[in-house]
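Below: the structure, in structure tokens.
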Amino acid sequence: MLKKMPQYQKELNRYAMLLNLAEDCMGRFQSGVDKLCKAEQDLAMGFDGQGEKIKDHMKNIVPILLDEAVATVDKLRIILLYIIQRNGISEDNLNKLIQHGNIPMEDKDIIMNLQYLGVNVTSDGTRQRKLQYLPGNRREREEQRYQVSRWTPFIKDLMEDAIEDRLDPKQYVFFGGRAPSLGGNVASSARYGNWHRDQKTPQTKKTGPRLIVFILGGVTYSEMRCAYEVTAANKKWEVIVGADHILTPRTFLGDLRMKLPEEPVPPEIPQE
């Protein structure tokens with residue numbers, strides 16, 4: 001009887017629409033997205049969901065590359081993650097992965113252009129250079145994570161280190177001189193917004209220090225979320241993050257696809 005009452009029909013229609021949307025999302029997720037996300041997280045972390053180190057990632061990525069239902073952009077992303085995780089692979093193995101994924105050879109430039117970001121793409125078996133830009137000691141995270149979102153972006157470590165005044169001054173140089181610490185976990189320096197102020201003028205009342213992070217090359221949505229999480233965990237601080245554009249998996253691959261301008265060929269010097 002209650003369901004047939006007019007005042008409840010509108011609410012029932014709303015709930016039905018939300019349930020249909022949830023079912024459609026779950027259907028898409030279970031149609032292959034769940035396996036793709038698990039493989040990506042395993043490659044990024046180096047461990048599975050139970051914390052066990054993965055010895056052979058090939059067992060997880062080859063079925064994805066052979067699956068015709070997986071889009072080419074997703075296969076490319078899996079190959080890129082595998083290359084980063086291995087710190088470079090042989091040219092022969094790279095060609096085999098491309099062949100398994102049925103990836104057009106013109107898309108190989110997307111993979112090779114990763115070297116311009118400092119990644120070792122191919123290896124000849126000799127000792128590869130260490131990736132200097134990756135921090136050696138990551139912070140241990142105790143908060144609960146979903147199995148498909150275990151990875152924490154590096155930028156969150158940098159934000160927390162900046163707030164706690166623990167950034168390496170050799171890699172993150174202060175401009176305009178460094179001011180003494182205010183004590184506690186709040187760092188005061190030219191890096192945090194005091195450089196433009198005339199010290200002779202009276203200081204205006206501040207609502208709190210701000211950490212502004214600007215990333216050249218693009219920012220991802222997960223990195224944006226880090227700014228909110230760090231702000232919520234540090235009530236005295238406000239973290240603002242920005243970039244020249246927003247990165248999604250497709251736009252990132254599009255950026256890698258861009259061809260670099262060819263170096264001009266020097267003119268031949270006529271022989272006397």
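All of the numbers you see were taken from the coordinates with simple rules; none came from a lab. Here the structure is a predicted model, which means the values were calculated and not measured. Virtual Cβ from ideal backbone geometry, glycine too; neighbours counted across all protein chains shown.
The figures follow:
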{"read-out": "Gain upon complete extension [I246, M105; 0.36 nm per residue less C-alpha separation]", "value": "48.0 nm"}
{"read-out": "Calculated from backbone phi, Karplus (6.51, -1.76, 1.60) coupling profile of the range 73-90 in Hz, x at Gly/Pro", "value": "5, 6, 5, 4, 5, 5, 5, 4, 5, 5, 5, 5, 5, 8, 6, x, 10, 6"}
{"read-out": "Cα-based shape type of the range 32-98, given that a ≥ b ≥ c are square roots of the gyration tensor eigenvalues and the cut on a/c is 1.5", "value": "oblate"}
{"read-out": "FRET efficiency estimate (nearest 0.05) - Cβ-Cβ, E238 to K35, R0 51 angstrom", "value": "0.85"}
{"read-out": "Dipole moment magnitude, nearest 20 debye, the range 1-115 about Cα centre, only Lys, Arg, Asp, Glu C-beta charged", "value": "580 debye"}
{"read-out": "Distance violations [Cα-Cα > 27 Å] among K53/K96; K59/K108; K53/K156; K35/K96; K53/K235; K10/K35", "value": "K53/K235; K10/K35"}
{"read-out": "Cα-projected label distance for K53 with Q171, points at 7 Å along beta-carbon direction, nm", "value": "2.2 nm"}
{"read-out": "Two-site FRET efficiency, E229 against N20, from Cβ-Cβ distance with R₀ of 30 Å, rounded to 0.05", "value": "0.40"}
{"read-out": "Y8/R28 FRET efficiency (R0 22 Å; Cβ-Cβ; nearest 0.05)", "value": "0.10"}
{"read-out": "Loop sites in the range 58-127: GluC sites (Glu not before Pro), DSSP, at most 16 other Cβ within 10 Å", "value": "E68"}
